[in-house]
Amino acid sequence: MKRNPARWRHYAIAICLISVVTFAWADDDVDEELEQSMTAETEREDDDDAFERAERDVERSFEDQFEDAEELEDELEERLERMFEAKGHRGEDFDDEFITQGIEDNIHQLWQLEEMLDESGFPALPEQTIALLTEQELNDAEASGADIIATEVMTELGGILVTFGDSRVVPPKESDNNHLYGLDGATMPSSISTPVPTLAKMMGISAPISLPVKIGLMDSHIQEDHPCLTGVHINQAAYYPPEATNDDVHGTAMASILTGRADCAAPGILAQAELDNAVVFARTDHGLVVATAADLVAGLNWLLAQQVNVINLSLSGPPNRVLEEALNRVHDRGVIIVASAGNDGPVAFPRYPAAYSSVIAVTAIDAALNIYSRACQGDHIAFAAPGVGVRVADASTGRDQAMDGTSVAAVFVAAALALEQSEGADKVERMEVQAKDLGALGKDVIFGYGLPQVHLP
């Protein structure tokens with residue numbers, strides 16, 4: 001049966017808007033703030049006017065959220081049209097082939113993943129919890145009859161990563177669900193892209209830097225024989241389930257931003273970088289490229305053993321107590337952790353690990369210094385970097401492709417921090433001071449401190 005193209009386009013946009021608004025309303029912090037506002041107003045003035053004013057404040061807040069959502073709708077329509085033009089199609093063929101098929105694929109995946117949501121609505125492996133325990137705590141859990149699925153000693157993190165099948169026997173403060181995380185880069189079917197060295201000039205990097213820096217990644221697999229990466233020093237270790245399969249797209253793209261050869265289709269920033277990649281993302285039988293919280297903790301432990309000074313996490317997902325504790329331990333070792341802010345839009349709740357205090361959150365901007373319309377916002381945002389229409393290595397073709405997302409921006413900042421000559425926390429403080437202010441004066445919720453500037457000796 002022939003589908004109505006206009007109806008399906010509106011349906012596609014509606015699905016995106018529903019996701020944005022749902023995430024915004026699910027933010028407990030927003031609910032608490034509004035409730036406190038209403039309570040305070042009522043206590044100060046014991047009359048109907050106080051409540052009415054508070055009620056109007058709530059209405060205005062929701063109206064603002066819907067306005068943001070309408071802006072996102074416009075941007076999505078424009079993006080769809082650009083993708084349509086790039087594919088070289090016309091008329092209804094675009095709607096049927098591109099939009100309709102994409103909707104059906106996404107709905108199919110949602111149906112498959114329905115059973116993989118925890119009590120808060122976050123994606124997680126069903127009936128699995130994890131904890132980072134001492135040997136004594138593990139012994140106590142075993143004595144209590146806990147359903148222990150797996151244990152792994154985290155030598156560098158100082159603990160034992162334990163996976164339980166029944167969370168009821170584990171104290172809540174010591175455990176959390178084994179949540180799922182996704183990557184924050186989106187490839188675009190377009191030949192229009194800007195080379196990384198050109199974008200790097202926005203940060204004061206005029207040419208690829210030949211310094212022997214070492215950077216840690218937690219990503220998907222890197223295609224080491226890609227023409228842009230041959231001869232690059234890449235060290236990888238897999239931390240995903242054996243039934244999952246490698247996916248090279250995102251990891252290869254991130255690696256090319258950092259250290260793509262100067263003579264290839266997608267050159268990078270650093271000519272002599274060493275990359276240590278904990279491969280935690282792989283393709284599941286659902287067709288999704290995801291990683292679990294347990295995978296991330298194990299990957300962090302391995303990266304500590306590689307003695308990296310900067311770790312890039314171009315990924316995001318829900319809060320997780322065990323992952324947070326692992327990140328705190330990494331931070332306490334003097335390692336700088338950079339993470340993408342997430343691509344769920346300005347009204348979405350904060351994404352993690354970027355929103356943790358031990359992590360540097362990075363948002364994305366385009367070549368004209370405009371904010372990426374799908375970037376998450378919040379007080380936790382530290383820096384903004386190029387992340388729209390960036391030319392990266394394409395693992396499927398051996399050439400290049402365009403990529404958007406805070407994923408891309410995070411890698412730019414990780415590279416800048418690796419080049420910074422000061423030590424430890426001083427690196428970050430110096431970058432905050434030197435950053436190019438892009439939004440409201442000083443640090444703001446959209447751009448953070450602004451665009452980092454690299455000053456080499």
List the GluC sites (Glu not before Pro) in region 148-253 that DSSP assigns to loop (not H, G, I, E or B) and whose Cβ has at most 12 other Cβ atoms within 10 Å. Which are they?
Glu243
In region 389-457, the GluC sites (Glu not before Pro) that fall in loop regions by DSSP, at most 12 other Cβ within 10 Å:
Glu423
Cα gyration tensor category, rounded, prolate or oblate, for region 185-315 with a/c compared to 1.5:
oblate
Length-normalised contact order of region 124-179, Cα under 8 Å, at least 6 apart, in percent, tallies to 51 percent
Rg in Å to one decimal, and Dmax rounded to a whole Å, for region 243-308 via C-alpha atoms
13.9, 39
Proximal charge balance of Gly145 [Cβ under 12 Å; K/R count +1, D/E count -1]:
-3
Where in region 163-208 are there trypsin sites (Lys or Arg not before Pro) that are in a DSSP coil and have at most 14 other Cβ atoms within 10 angstrom of their Cβ?
none
Yeah, region 124-179 with a ≥ b ≥ c from its alpha-carbon gyration tensor (a/c under 1.5 is rounded, else prolate when a/b outruns b/c, oblate otherwise) is oblate
Return the percentage of antiparallel bridges among DSSP beta bridges fully within region 182-434, rounded to the nearest 5 %.
35 percent
Sequence-distant or interchain residues sharing an amide H contact under 5 Å with Asp118, placed H: which?
Ala124
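Taken together, the values in this text are just the output of simple stated rules run on the coordinates, not laboratory data. These numbers were taken from a predicted model, which means no experiment stands behind them. Neighbour counts run over all protein chains shown; Cβ positions are idealised from the backbone, glycine included.
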